[in-house]
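Everything below concerns the one structure shown next.
Nothing in this text is a laboratory measurement; each read-out follows from the coordinates by a stated rule. Bear in mind that the values here come from a model prediction, so they are computed numbers and not experimental data.
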Amino acid sequence: MVELAHDSRPIIGRGPPLTAYFLTLAAMSIGLMVADQRYHQIDQVRAWLSAVVHPVQRAVDFPFRATDWVTGSFADRGRLRQEKLELTARLRLANLQLQRFAALEEENRRLRDMRANTAGVAEKALVASILNVDLDPFRHRVLLDKGAVDGVFRGQAVLDGEGIFGQITKVNAATSEVILISDAEHAIPVQSNRSGVRTIAVGTGDINKLSLPFVTVESDLQPGDLLISTGLGGVFPPGYPVAQVTRIKRAGSMFATVDARPTAGLDRAREVLLVWFTAPPASEPAAAASPPEASAPGSAGSATPAATQSTPPPAPPESGGE
């Protein structure tokens, strides 16, 4: 059996003594410091070492920089997405407000037009909103949000910003019913603004058409003529737009076939104007105060009886048209 030789001498005592190492290293350090301080000999070595170590530093720092970049990218994308959603919501809200402002601007324009058209003609005017529209295609009636408590009365004229809209037929405490000039039971005396020819415009049941059944073939009417109210009967003011002639057919009869289109927005208006007109200075106050039968003889022209019967001040148009 082989036995390993056992060396009991201490390891620390082998080789040069530690004091010699320390002194040697201390002398070298002092020498390098003196050389660097006085002769700047270490700067070049330091630059070389920095150039060699820089790629290693970049490689060690790369995972940390990559992590920061990825985290920042996701954070930026999330923030941008949130900002986009907020801006989109604000844009939609702004569009809704813009549409509302456009609607209010259009409403203000219509109200200004109605006020301007009644300036100097009506002594009192009241804006009313349309609450309901009669769905019966043969009855052109609408319901307003003004009634007897507001001073509304039967036979009162109703206008819009473009022309005559209709007249009141029924009055309740807080609401009232209007018959449109296009209703088949309504008629209104009109006059050509160009030639002065007077006649009667009768509703046809078509919202876009009035009929002039009492125009003779010799009458001076042309397509495009503006028909205005005559004021006969005391219901509507004189000189207010009613319709515009669209078609004339003079053949095969003593009377011509004449159609006209109402100037008022009968199917578009949302607000109308209830007006109290100033009484004329001549004979019209007496005619307005008298019953329909008494007012007929005082009217002028061949169309006077029909006009008075169709739109009497105190009676609804239905009773006058029968």
> How large is ³J(HN,Hα) for each residue in segment 241-255, as worked out from phi by the Karplus curve 6.51 cos²θ - 1.76 cosθ + 1.60 (θ = phi - 60°), to whole Hz, x for Gly and Pro?
Replying inline: x, 10, 7, 10, 5, 10, 8, 9, 10, 10, 7, x, 7, 6, 9
> What's the extension gain from Thr71 to Leu18 if we count 0.36 nm per residue and subtract their Cα-Cα distance?
Replying inline: 13.8 nm
>> Can you give me the long-range amide H partners of Thr216? Hydrogens built in the peptide plane at 1.01 Å from N, cutoff under 5 Å, separation of 5 or more residues or another chain.
In response: Ala256
